[in-house]
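Here the structure is laid out as structure tokens; the discussion comes afterwards.
The values are calculated or read from the model by the stated rules, or taken from the named source; none is laboratory data. Bear in mind that the values here come from a model prediction, so they are computed numbers and not experimental data. Cβ placement follows ideal geometry from the backbone for every residue including glycine, while neighbour counts extend to all protein chains displayed. For the accessible areas, the whole protein counts, side chains as well, though only heavy atoms, and no ligand, DNA or RNA atoms are used. Shrake-Rupley method; radii C 1.70, N 1.55, O 1.52, S 1.80 Å.
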Amino acid sequence: RALWLARRMTSDLERMSKVVERTANAVFGTDARDRITWVNEGFTRVTGYTQAEAVGRMANELLHHPDASAEAHARLREAMDQGSAARVELLNRRKDGSDYWVEVEIQPTRDAAGQVTGYIELGLDITQRKQAERLLAASEAFLEQAERIAGVGGWELDLTTSQLRITPQMRRIFGLADDVSPSVEDFLTFFGNDQRDLIERTTQDCIRTGRPWDLELQVVARSGERIWVRTVGSVIQEAGRSVRLVGILQDVTERRVLEEELRLNNAR
């Protein structure tokens, strides 16, 4: 039985060794003082450091980036002091000086007495994801600024889940707080009964026929102020089925007031 267990453990270790060796992620082991004792090929591909260059050095010393989050490093240090696991996102620097983002997970290794003998550290390269997030954030900031200047808000309604997404400018137009997630019913309360009926007929026609709409309606904002809005919307179809409604909503109160003043002037 002991021999069978030993063979089974050896087989498991060999499989784990092959997984660690062949994975594209950076995996390395450290001693209790956080000095690197071994690295896999993924570590060399990600960081540019060979095993000979990395062994004996501390990971933080080898890969440290001056702009890395002090909080993330403190969380890793605290976990190591407590002998526990941790996961953080870090900005690191490769051997050639280029920057890369990595999601680091550390797991302690222990001896038979339960004492921490070192750590296994797994580094998942998330540079592309971080770059995509940064580009998305910049794009959203640009769109929000454009919306604010034009006084135009955007919205999207998932027809399957009835989940409504709105932009910050939509919140400003209706006077909603940033932490409020209004439903379709919540928005309809801003409109009068006759206008709600018109909205219902118009959206159902759009869903059924695919025809977009362009309406100007009067609403009562959260502050109680009466404003005029222009709403333009259309339906998104997939495989011949209507799945989402998307549109914009613009505050046109100033234009309507000017038009009414002009009408009164002409009448006089």
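Points worth noting:
- Hey, residue 180 open to solvent by less than 60 Å² (accessible area, probe 1.4 Å) and either modelled with pLDDT of 85 or more or not β-branched (Val, Ile, Thr) (or both) or not: no
- The stretch 160-171 - residue that is in contact with a helix residue (DSSP H, G or I) (Cβ under 7 Å, 6 or more places away or on another chain) and within 19 Å of residue 206 (Cβ to Cβ) and, of those, most open to solvent (accessible area, probe 1.4 Å): 162
- If you filter the stretch 110-152 down to residues that are of a type in the set (S, T, N, Q) and not in a loop (DSSP other than H, G, I, E, B), you find that the one that is farthest from residue 41 (Cα to Cα) is 145.
- Restricting 143, 157 to residues that are among the hydrophobic types (A, V, I, L, M, F, W, C), at pLDDT below 80 and over 14 Å from the mean Cα position of the chain (by Cα) narrows the list to 143.
- Which listed residue is under 23 Å from residue 259 (Cα atoms), out of contact with any helix residue (DSSP H, G or I) (no Cβ under 9 Å at 6 or more places or on another chain) and modelled with pLDDT of 90 or more, from 214, 205: 214
- Within the stretch 84-104, the set of residues being small (Gly, Ala, Ser) and either part of a strand (DSSP E or B) or surrounded by 15 or more Cβ atoms within 10 Å (Cβ to Cβ) (or both) comprises just one member, 86.
- Counting residues in the stretch 227-241 that are free of Cβ contacts under 8 Å to residues at least 40 places away in the same chain, exposed (fewer than 15 other Cβ atoms within 10 Å of the Cβ), assigned to a strand (DSSP E or B) and among the basic types (Lys, Arg) gives one or more.
- Single condition residue 207 does not satisfy, out of (1) closer than 20 Å to residue 163 by Cβ; (2) part of a strand (DSSP E or B); (3) among the aliphatic types (A, V, I, L, M): (2)
- Looking only at residues of the stretch 53-70 that are outside any loop (DSSP other than H, G, I, E, B) and of a type in the set (Asp, Glu), we find that the one that is farthest from residue 105 (Cα to Cα) is 53.
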